[in-house]
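J.: Before we start, here is the structure in question, set down as structure tokens.
Taken together, the values in this text are just the output of simple stated rules run on the coordinates, not laboratory data. Treat the numbers as computed from the prediction; the structure is a model and nothing was measured. Positions of Cβ are backbone-derived with ideal geometry, glycine not excepted, and every protein chain shown enters the neighbour counts.
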Amino acid sequence: MAMGRKSSIRRLPEEVRHFLEGELASGQHTLDELIDLLREHFPAHEDELPSRSAVHRYGQQLERRLAAIRASTEAAKIIRAQAGDREDARSEALTAMIQSELFESIMDMQEAQDMDPQDRVGLLSKAAKNVATLTRSSVALKKYQEEAVAARLAEQEKNLEEVAQAQGMTADQVTFWREKVLGIR
């Protein structure tokens, strides 16, 4: 089976590729300006520099990855700020982010034209093993969350019974507070 050709960006010397990635990430230049910058900064590599369309394709891939990282980072900040973590919401969000990243990585492997098929199978095998581990973790987390909710409801029920007895509440009043206010059925 013939392997696809490595992209012109991936064949660039590391120094040139890192420069290009930094400029792409900054988002301050048009494609033509990026090509001019590469020619200006790396005249010795003039023959190796990528085409305008190669820079565009690579820029799109880089932007997708950066957007995913920004979204994951923002989600983690929101969760950290909002979650009391009594039911381990941060772990749930982290698991979801890892699952998303694994999915994105598998999609990238399928698009990769310069990957040896045996290497791809090996990486997919490792990914499948990690997905199985994540799935087990997710199931255990869901069980923990259900137990935490049940414990909190039991605590609320107990507190309601104590308050009802101390305040002389009727059975109808207790039912109202239990079902309408606390949501205990």
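J.: Output the relative contact order of the chain, whole-number percent, from Cα pairs under 8 angstrom with separation of 6+ residues.
T.: Numbers: 95 pairs, mean separation 37.4, N = 185.
In percent, rounded to a whole number, it is 20.
J.: Assigning unit charges at the beta carbon (Lys, Arg +1; Asp, Glu -1) and nothing else, what dipole magnitude in debye, to the nearest 20, does the stretch 1-70 show about its Cα centre?
T.: Numbers: 11 positive and 12 negative charges, 120 e Å.
Dipole of the stretch 1-70, to the nearest 20 debye: 580 debye.
J.: Let me ask you something else. In the stretch 1-70, if the dipole is taken from +1 on Lys/Arg beta carbons and -1 on Asp/Glu beta carbons about the Cα centre, which of THR30, PHE19, GLN61 is farthest to the positive end?
T.: Of the options given, the answer is GLN61.
J.: Apply the Karplus parameterisation 6.51 cos²θ - 1.76 cosθ + 1.60, with θ equal to phi minus 60°, to every residue of the stretch 127-137 and state each ³J(HN,Hα) to the nearest whole Hz, in sequence, with x for glycine and proline.
T.: Those phi angles translate into 4, 4, 4, 5, 5, 4, 5, 4, 5, 4, 4 Hz.
J.: Please list, or write none, the aspartates and glutamates whose alpha carbon is within less than 18 Å of the alpha carbon of LYS6, excluding same-chain residues fewer than 8 places away.
T.: By straight Cα distance, LYS6 reaches GLU14, GLU15, GLU21, ASP47, GLU48, ASP108, GLU111, ASP114, ASP116, ASP119.
J.: Among 166-173, 31-38, what's the highest-first ranking by average C-beta atoms within 10 angstrom per residue?
T.: Values: 166-173: 9.6, 31-38: 15.1.
Those peptides, ordered most packed to least, come out 31-38, 166-173.
J.: Here is a follow-up. Quick one, can you get me the convex hull of the C-alpha atoms of the chain expressed as volume per residue in Å³?
T.: Output value, Cα hull per residue: 164 Å³.
J.: Starting from the Cα gyration tensor of the stretch 1-70, take the square roots of the eigenvalues, sort them a ≥ b ≥ c, and report rounded, prolate or oblate (rounded when a/c is under 1.5, otherwise prolate if a/b is larger than b/c, else oblate).
T.: oblate
J.: Place a +1 charge on the Cβ of each Lys and Arg in the chain and a -1 charge on the Cβ of each Asp and Glu, then give the dipole magnitude about the Cα centre in debye, rounded to the nearest 20. Walk me through the numbers before you get to the answer.
T.: On the way: 26 positive and 32 negative charges, 125 e Å.
Magnitude of the dipole: close to 600 debye.
J.: Just to be sure I understand: with springs between alpha-carbon atoms less than 10 Å apart, which residue in LEU20, LEU62, LEU153 has the highest mean-square fluctuation in the Gaussian network model of the chain?
T.: The residue that fluctuates most here is LEU153.
J.: What value, in deg cm²/dmol to 500, does the helix sum -39500 (n - 2.57) over DSSP H runs of n ≥ 4 give at 222 nm once divided by the residues of the chain? Mind dumping the intermediate values first?
T.: Details: 6 runs with 135 residues, N = 185.
Dividing the helical sum by the residues of the chain leaves -25500 deg cm²/dmol.
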